[in-house]
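Written below as structure tokens is the structure these notes are about.
The values are calculated or read from the model by the stated rules, or taken from the named source; none is laboratory data. This structure is a prediction, so every number in the text was calculated from the model and none was measured. Because the Cβ atoms are built from the backbone with ideal geometry, glycine has one as well, and the counts that use them run over all protein chains shown.
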């Protein structure tokens with residue numbers, strides 16, 4: 001098939017319209033793969049795929065169960081790729097270190113703990 005350019009182009013068009021790719025059953029009948037594109041600047045730069053045993057799930061069942069999860073993951077990755085090009089802003093990251101000091105007790109919490117402590 002790789003040497004048949006019209007067949008390759010037809011497969012790419014079908015995959016684009018469908019929004020996902022499936023591994024050809026000719027490659028392996030024991031398992032199948034569902035893959036969705038990851039975009040950067042409107043171009044596919046990667047894909048995220050999941051492979052399952054054909055004996056465990058039919059292709060239709062796998063699409064129904066797995067597609068929504070893969071779609072959400074690829075959307076998050078695509079979105080994150082877009083934000084990586086923005087200037088780095090520490091306040092937007094989740095990599096902040098925890099404060100080294102213990103938080104101070106509020107007056108109400110301090111009063112409450114004193115009342116519970118026997119004198």
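Across the range 46-57, the qualifying residues are those that are in contact with a strand residue (DSSP E or B) (Cβ under 6 Å, 6 or more places away or on another chain) and part of a strand (DSSP E or B), and the one among them that is farthest from residue 83 (Cα to Cα) is 53.
The sole residue among 49, 42, 19 that is exposed (fewer than 12 other Cβ atoms within 10 Å of the Cβ), closer than 17 Å to residue 71 by Cα and either in contact (Cβ under 8 Å) with a residue 12 or more places away in the chain or under 16 Å from the mean Cα position of the chain (by Cα) (or both) is 19.
Out of the residues in the range 24-34 that are in a strand (DSSP E or B) and touching a residue at least 24 places away in the same chain (Cβ under 8 Å), state the one that is farthest from residue 75 (Cα to Cα).
The residue in question is 32.
Against the criterion of being assigned to a helix (DSSP H, G or I), surrounded by 12 or more Cβ atoms within 10 Å (Cβ to Cβ) and at pLDDT 75 or above, residue 74 qualifies.
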